[in-house]
Amino acid sequence: MITDDMIIDTHTHLDMQYRDPYEVMERAHASGVGFFIIPGTNEKNLKIAVEIAENRDNVKFLIGIHPEDADDYENKIQSLYSVTGHPKCIGIGEVGLDYDHSDVPKVIQKNCFIKFIELACRCNFPIVIHTRNAVDDTIGILSDYAKQLTIILHCFTGDNDILKFGIENRAYFSIGGIVTYPKAVNLQSLTGKIPEDRLIFETDSPYLPPIPFRGKKNEPAFIVETIRYVSRLTKISYKHLVKLSTKNALRAFKIHDW
């Protein structure tokens, strides 16, 4: 049972780079993290995510194809359709556009993104958005569907246009370890402008560890440092941030059965 003081890591790649994801979850539990959502990135990792979720009551997963893996998406997505009915599958993501790290042509990324948006609409699933150096196209595509979607903006990095779009469309903003970095000045200034009922937290582990763990492999236990930082930044108590972000995450991902 999720309680008010239990933290939800809304975006953790437990299916990647961990020798023992169950041990990682035990360390997180000792830090107050009691629930985990594994995003989908490709078919291979999805199998691992499903296995973890089936072995733990406090784990759910999403299905998606990361923009770096969007080549041949039409064949890849076919294998994912049947998984939408899995009782532990609660959404679509992470999907979107990456014009920085992905070598996949933009037109293919866009077409893949639209396919998953349409799937989210059809299944009444929330959708977790990855956008990197692609703000205009991300907003342009989402705008056509925003009224039909529950949008979760993964790893919000402090873009003013994304903030405006997100607030206008009742999106959720997921804050990760980047907010603790000294150079993340714009993100730090905008975090306080996120409506309290739209704020959630993530680690994106094993990537992007918060200070003081920068340089190490990130893991869900470290999410407490991000929440502590945002507490200092916004002058909202740590306890209240945990409570409201947990409530928000449950609402965003429509989790009613745990």
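Coordinate-derived values only; no laboratory data. These figures come from a predicted structure and were not determined experimentally.
In plain terms, if you count all Cα to Cα distances in region 7-252 and split them into 10 Å steps from zero, the share in each step is 8, 34, 39, 18, 1 percent. How high is the relative contact order of the chain, given as a whole-number percent (alpha carbon pairs under 8 Å, six or more residues apart)? Taking the mean separation of contacting Cα pairs over the length of the chain, I get 21 percent. Only helices enter this figure: runs of n ≥ 4 DSSP H residues, each worth -39500 (n - 2.57), summed and divided by the residues of the chain, yield -11500 deg cm²/dmol at 222 nm to the nearest 500. Measure out, as a whole number of angstrom, how far apart the alpha-carbon centroids of region 193-258 and region 131-159 sit. If we compute the Cα centre of each part, the gap is 20 Å. Just checking the listed ones, Thr191, Thr84, Thr234: in the Gaussian network model of the chain with Cα springs under 10 Å, the one fluctuating most is Thr234.
Between Lys243 and Ser143, residue separation times 0.36 nm minus the direct Cα-Cα distance comes to 32.9 nm.
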